[in-house]
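The structure is given below, and queries will be raised subsequently.
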Amino acid sequence: MIQSVPQQVASLPAGSHRVGLHPRTRFALLLVAPALLVVAAVYLYPAALTLVFSVAEVDLATFGVDRFVGFQHYLRVLRDPTLQAVAGRSVYFGGLVALLTLVLGFAIALLLSRPFIGRGLLRVVVLLPWAVPPVVSGVLWGQIYAAEYGFLNGFLRALGGEGRTIWLGEPTQALHALIIAEAWRAMPLSALFLLAGLQTLPDGIYEAAALDGAGVLRRFRDMTLPLMMPIALPVLIFQFVAASKAFDVIYVLTRGGPGNGTTTLNYLVYQQAFERLEFGPASATAYTLTILTLLVIGVFVFLRWRLGVRSGETAA
Amino acid sequence: MSLKQGRFVERTVVYVGAVLVFLLVAFPLYGVVLTSLQREEDVRSTNVNFFPTYVTFEHFAEVLRPGHIVPIREAMTNSIVISALTAVVTVTLALPATYALTRLRLPGRRFIIAALIAVYLFPTLLFVLPIYIQAVQWGLTDTFQGLLIPYVAFSLPFTIWILRGFLESLPVEIEEAAQLDGCNQLQLFTQIVVPLMRPGLVAGLLMVFILAWVEFLTPLLFTSDLKILPVSLGLYRSTYDIKIGQLAAAAVLTALPVLALTTLFQRMITEVITAGAHR
């Protein structure tokens, strides 16, 4: 990315140095200021306020700080086994959604990267879940998972099975049902990112390898996979971050239940803040989720680095 | 295995894969459309039908009838207004910012760009909590402005990111030539850069419109008044107690505008998304 800003080209009118800023800089500031003001008001200020709330008890009458309690809210997440389970579930949910979309997305990208009849149609269909409103996604997966008249049970009965499972009625099943629903909606972005990556791979080496007698599978294992690794990692991280922030699908399908079997940290923030009006703990949970997300990203990057070192790969 | 056999196997794998992917991705959508077109007693039957033997539009007629508990017509109008406004305001804010951040000399430019991406790492609720408090204190809940502010704010970093991709792909020489021809900074921006960015602006408007349409958390917290209820929340309201067929019909209506836009502009959306992957 080369920035070529031709500073010498602009001839400056005399006396334009009054404020001490280069006039081009002043113009740039003017252009960027409205957007930055919005960002500061809606991201920076709230993030700071939530940080303060996270070490305090919030007075509900004034929405001000009642008293500071130190890291008590954070420590609760570390000590309380229920909250530990919620945190673990968050990572599991995010990780599995990310992994599913990566594997599915890669298969779809491989498919779409070669010509076949109907590819144009499939490209459109594969993109659609991305634009499905999450609530609609909730409704349609609700119909799939419904116990009595649901499509999944109907399908199982058609295959000769019992087909009586209440999919959203048991915590572990419900969690995985949500993971599948969320992965369905998140898959298009993975597929498109990976497809774009596949298209950047040089054709020449494939032809050379094919001439050398390397079969489809060998070319895939020895060339496509290693070449795609640098693209897979950002996709994995992107999807993990997105999935750990999943809210709508949980709200619409299970409301965090049964019990708290599908409650993730992000959903807990909502419950604490807007169902129980515990703004202090909610803020601490929100920051815990952020820290946890960063930690997991760190692990991803570290693993990738270790893998790179072991295979003797030189850094790109 | 000869080359010919290999080709045959490869082609078979591709077509089987294509059919599988199609079924996997499209079935949930097909299921909800099917449900919306069947009579309630057949929808609730444990004898699940995967192929329709008839089609009825009674659920659509019912849901679109004025005074229905799911105010889907009003909610759709609200959503069109809110989403279009969000798109216009967001792109208007993002365009000059993108230009400054991409082409002009600006102190802390790299930091600002990094910060715009970094906000994505934080859960949205972390920002929503204080905004909600502020909205309550200023009486902004249940108002259009109260919805518009978070909508615009939450799509702004993403929009700058999209527009930056477009601007970076434009050759800077055009701008340099215009400067040599005596364009001042404002003219350069309004008369050279903005027209060149037009395809990017259309893509930006489209993406923000879609994202605003599907937004759920903000209206859930910021609105309760039926008058400004956006469609996603309107649909959610209907999940309480309503016929399943009607719920499916409402869901189809909610998704239809954005799915139609996505189908129409599939190429453009794909390009925007994959342009991001190259960076």
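Since every read-out is calculated from the coordinates, none of them should be taken as a lab result. Only a predicted model underlies this, so the values are computations on that prediction, with no experimental measurement involved. Virtual Cβ from ideal backbone geometry, glycine too; neighbours counted across all protein chains shown.
How tilted is helix B:144-169 with respect to the longest principal axis of chain B? Cα atoms for both, answer in degrees (0 to 90, nearest 10).
Taking Cα atoms only, the helix is inclined about 60 degrees.
At a 10 angstrom cut-off on C-beta neighbours, averaged per residue, how do the peptides A:205-211, B:41-47, B:102-108, A:249-255 rank from highest to lowest?
A:249-255, B:102-108, B:41-47, A:205-211
Separate question: For peptide A:114-126, what's the mean number of Cβ atoms from other chains within 10 Å of each residue's Cβ?
Across A:114-126, the average partner-chain Cβ count within 10 Å equals 4.
Here is a further query. FRET efficiency for residue B:11 and residue B:202, Cβ-Cβ distance as r, R0 = 35 Å, nearest 0.05?
It comes out at approximately 0.40.
Continuing with this model, one more query. Where nothing but the Cβ of Lys and Arg (+1) and of Asp and Glu (-1) is charged, how large is the charge dipole of chain A around its Cα centre, in debye to the nearest 20?
Dipole about the Cα centre, nearest 20: 580 debye.
When only C-alpha pairs under 8 Å and at least 6 residues apart count, what is the relative contact order of chain A, in percent?
Relative contact order comes out at 24 percent.
In terms of modelled amide H atoms, which long-range or inter-chain residues lie less than 5 Å from the amide H of residue A:58?
A:66, A:279, A:280
Something else now. Mind checking the mean number of beta-carbon atoms from other chains within 10 Å of the Cβ atoms in A:214-221?
Partner Cβ neighbours, averaged per residue: 1.
Between residue A:291 and residue B:19, how high is the FRET efficiency from 1/(1 + (r/R0)^6) when r is the Cβ-Cβ distance and R₀ = 35 Å? Nearest 0.05.
0.20
Hey, can you rank A:280-286, A:157-163, B:122-128 by average C-beta count inside 10 Å, highest first?
Packing proxy ranking, top to bottom: A:280-286, B:122-128, A:157-163.
Using a Förster distance of 30 angstrom, determine the FRET efficiency expected from the C-beta separation of residue A:51 and residue B:138, and round it to 0.05.
0.85
Would you calculate a helix-derived [θ] at 222 nm for chain B, using -39,500 (n - 2.57) for each DSSP H run of n ≥ 4 and dividing by the full residue count, to the nearest 500?
Estimated from H runs of four or more residues: -23500 deg cm²/dmol.
For the residue pair residue B:109 and residue A:99, what label-to-label distance in nm results when each label sits 7 Å from Cα along the Cα-to-beta-carbon direction?
4.2 nm
Here's something else I'd like to know. Give me the number: length gained by fully extending residue B:92 to residue B:263, i.e. 0.36 nm times residue separation minus the C-alpha to C-alpha distance, one decimal in nm.
Result for the pair: 59.0 nm of gain on full extension.
Using a 7 Å offset from the Cα along the Cα-to-Cβ direction at both residue A:224 and residue B:64, what is the distance between the two label points in nm, to one decimal?
It is 4.5 nm.
Given the peptides A:234-244, B:173-183, arrange them by the average over their residues of other C-beta atoms within 10 Å, most packed first.
A:234-244, B:173-183
Measure nothing fancy, just the Cα-based angle from helix B:198-214's long axis to the longest principal axis of chain B, in degrees from 0 to 90, nearest 10.
40 degrees
How big is the charge dipole of chain B about its Cα centre, in debye rounded to the nearest 20, if each Lys and Arg gets +1 on its Cβ and each Asp and Glu gets -1 on its Cβ?
The dipole of chain B has a size of about 540 debye.
Another question, then. Mean Kyte-Doolittle hydropathy of 0.0 or higher plus an axial Cα length of 18 Å or more: which whole DSSP H helices in chain A meet both?
Those that clear 18 Å and a mean of 0.0 are A:23-39, A:81-112, A:119-131, A:171-200, A:225-244, A:279-310.
So how tilted is helix B:3-36 from the main axis of chain B? Cα-based, degrees 0 to 90, rounded to 10.
With both axes taken from Cα atoms, the answer is about 70 degrees.
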